[in-house]
Amino acid sequence: MDLQSLRINGDRLIQRIEDLAAIGPYESTGSCRLALTDEDREGRDLVVTWMKDLGLEISIDGIGNVIATRPGNIDGPPTLTGSHIDTVATGGRYDGNLGVLAGIELIETLIENEIDTQHPVGVGFFTDEEGARFPPDMLGSLVYVGGLSLEEALEIEAIDGAILGEELTRIGYRGPAPCPAIPPRAFIELHIEQGPLLEDEGKTIGVVTGVQGISWTEYVVKGQSNHAGTTPMHLRHDAGYVAARIATEAREVATRMGGRQVATVGRMNLHPDLVNVVAREARLTVDLRNTDETLLVEAENQIKECVNSLEESEGVTIESRSLARFEPVVFDQQVIEIVSETASDLGLSATHMPSGAGHDAQMLARVCPTGMIFVPSKDGISHNPNEHTDREDLVAGANVLLQSVLALDAAELQGTQQ
Ligand code: GLV
Ligand code: MN
Ligand code: MN
């Protein structure tokens, strides 16, 4: 058959998205499947059932990454696609899930049309992409590419105190396949944009050029608890006030620097957390991102300066711990061109853009030619149950994925990372 006219089955893709979203539902349209929870296990079991139903060979590695492969005409590493199925606690139904389910759909399309590929084709989901329960984000793919040892990863403590290795064993996903793994021959990930740019520009496909750098730091401020009514202002060592100042500084650094610098304080807890007690301790996180490594370091330094001067002026101690630090990544030129040409061949409007969110593809880019495809997010909303992508965009993205995988299968890959 004419491979260029091959299309995925949109109804089947949407049905699988709905079926997976029914596990760990959150506020009717959203999903809550934090990594390695019972809900994550249930989601994994369902996706693995779909993979098995297609007769794929399934491997589960020591960090719980699951890769399902259909053989090609020749042996060797697969052309791999996939993403993640864990979510933030208040997530939507498309983040990550789309990439995995579109990968399954494309393989089913190949099978039912009896299309053999030159190389094996694989679809995978990586453990704990979100990092919301066990930092850092992209943890499974980081271990997969050898960026963090399995032993270290298994020791990571969750925000709820659980230990990663124990949770992985508990849910039955500590597998025998080795990590780091043998790299795939190429990796391509379909994902929702999670930002407003495609919608603003009225484009259907984002040809992703790379991923911005990420810096996550946790601060623990230690002051002195005291009576809210009797303690004069100049005698306070108020951890709550200091945390608020760090949060304000994060915002101001991003505003001052402008460009692509963003800053978020997404967690903040006070102790003892009482109306009439000056807080003794505050714990907060700062998430900084930029496409330019030098500017990201500059933002980190500005926050550090503020933290140091607050220690001095407020008489508190501030401990800091890095939770995640990844430099910006530039995707492979050949994969970028394949995505761009595929979108154009399918008659879809497209634009080149960097990714604002972190993705497993940024880890895979360390070991093989890698790229990504974005589809629009309504109102640019994500990590929110109202995350939405129109059906026709989901299907368009999955067709770009299908045709890009076929093009990658046929291509002599240069493996040139920029
Ligand atoms: C992870 O997906 C992130 O971008 O925070
Ligand atoms: Mn994601
Ligand atoms: Mn996410």
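The values are calculated or read from the model by the stated rules, or taken from the named source; none is laboratory data. The model shown is predicted, which means the values in this text are computed figures rather than measured ones. Backbone-built Cβ (ideal geometry, glycine too); neighbour counts: all protein chains shown. All accessible areas refer to the heavy atoms of the entire protein, side chains included, with ligands and DNA or RNA removed. Shrake-Rupley method; radii C 1.70, N 1.55, O 1.52, S 1.80 Å.
Could you provide, to the nearest whole Å², the per residue accessible area of segment 213-326 with probe 1.4 Å? Spell out each step's value before the answer.
Working: 6120 Å² over 114 residues.
Accessible surface, normalised per residue, equals 54 Å².
Towards the positive end of the charge dipole of segment 277-409, with charges on Cβ (+1 Lys, Arg; -1 Asp, Glu), say which of Val400, Gly358, Ala299 has the farthest Cα.
Highest projection toward the positive end goes to Gly358.
Kirkwood Rh and Cα-based Rg: tell me the resulting Rg over Rh for segment 1-123, rounded to two decimals. Mind dumping the intermediate values first?
Values: Rg = 14.9 Å, Rh = 15.0 Å.
Radius of gyration relative to Kirkwood radius: 0.99.
What is the percent of Cα-Cα separations in segment 83-222 that go past 28 Å? Walk me through the numbers on the way to the answer.
Details: 2804 of 9730 pairs.
Counting pairs separated by more than 28 Å, the tail of P(r) holds 29 percent.
Could you bin all the Cα-Cα distances of segment 147-265 into 5 Å bins starting at 0 and give me the percent of pairs in each, rounded to whole numbers?
2, 7, 9, 11, 11, 14, 14, 13, 9, 5, 3, 2, 1, 0
Give the value in nm², to one decimal: projected area of the alpha carbon convex hull of the chain, averaged over all directions. Don't skip to the answer; put the middle values down first.
Working: hull surface 81.3 nm².
If you wrap the Cα atoms of the chain in a convex hull and average its projections, you get 20.3 nm².
Angle, helix 293-314 long axis vs. longest principal axis of the chain, Cα atoms, 0 to 90°, nearest 10?
Around 20 degrees separate the two axes.
Within segment 1-138, what percent of beta bridges assigned by DSSP are antiparallel, to the nearest 5?
Working: 12 of 17 bridges.
Around 70 percent antiparallel, to the nearest 5.
Considering the options Leu20, Gly30, Thr79, tell which one lies farthest towards the positive end of the dipole of segment 1-96, charges being +1 on Lys and Arg and -1 on Asp and Glu at the Cβ, about the Cα centre.
Thr79
With axes computed from alpha carbons, what is the tilt in degrees of helix 239-257 against the longest principal axis of the chain, rounded to the nearest 10 within 0 to 90?
In the chain, helix 239-257 runs at an angle near 50 degrees to the longest axis.
Hey, got the dipole for segment 213-326? About the Cα centre, +1 on K and R Cβ, -1 on D and E Cβ, debye to the nearest 20? The partial results should precede the final answer.
Numbers: 13 positive and 16 negative charges, 53 e Å.
So the magnitude is around 260 debye.
For the chain, what is the charge dipole size about the Cα centre, in debye to the nearest 20, if Lys and Arg each add +1 at the Cβ and Asp and Glu each add -1 at the Cβ?
On the way: 30 positive and 66 negative charges, 161 e Å.
For this selection, approximately 780 debye.
To check you understand DSSP bridge types, tell me what percent of the beta bridges within the chain (both residues inside) are antiparallel, rounded to 5. Spell out each step's value before the answer.
Values: 46 of 67 bridges.
For the chain, the DSSP antiparallel bridge percentage is about 70.
Taking the Cα atoms only, what angle lies between the long axis of helix 97-112 and the longest principal axis of the chain, rounded to 10 degrees?
Tilt of helix 97-112: around 10 degrees.
Across the chain, where is the longest run that never hits GluC sites (Glu not before Pro) in a DSSP loop with at most 12 other C-beta atoms within 10 Å?
Working: sites that count: Glu27, Glu114, Glu155, Glu412.
It runs 156-411.
To the nearest 500 deg cm²/dmol, what mean residue ellipticity at 222 nm is calculated for the chain from DSSP H runs of n ≥ 4 alone, each contributing -39,500 (n - 2.57), summed and divided by the residues?
Working: 12 runs with 146 residues, N = 418.
It comes out at -11000 deg cm²/dmol, rounded to the nearest 500.
Please report the carbon-and-sulfur percent of the accessible area for the chain; probe 1.4 Å, protein heavy atoms only, DNA, RNA and ligands left out. All intermediate terms of the calculation are to be shown ahead of the outcome.
On the way: 8190 of 17250 Å².
Carbon-and-sulfur percentage of accessible area, whole number: 47.
Gaussian network model of the chain, Cα springs within a sub-10 Å range: biggest mean-square fluctuation belongs to which of Met363, Met353, Met268?
Most flexible of the set in this elastic network: Met268.
Starting from the Cα of Lys222, draw a straight line to each of the lysines and keep only those under 20 Å, dropping any in the same chain fewer than 8 residues away.
List returned: Lys304.
Let me check I have the definition right: for segment 213-326, take the eigenvalues of the Cα gyration tensor, multiply each by 5, take square roots. What are those semi-axes in whole Å, largest first?
On the way: eigenvalues 160, 33, 25 Å².
They are 28, 13, 11 Å, listed largest first.
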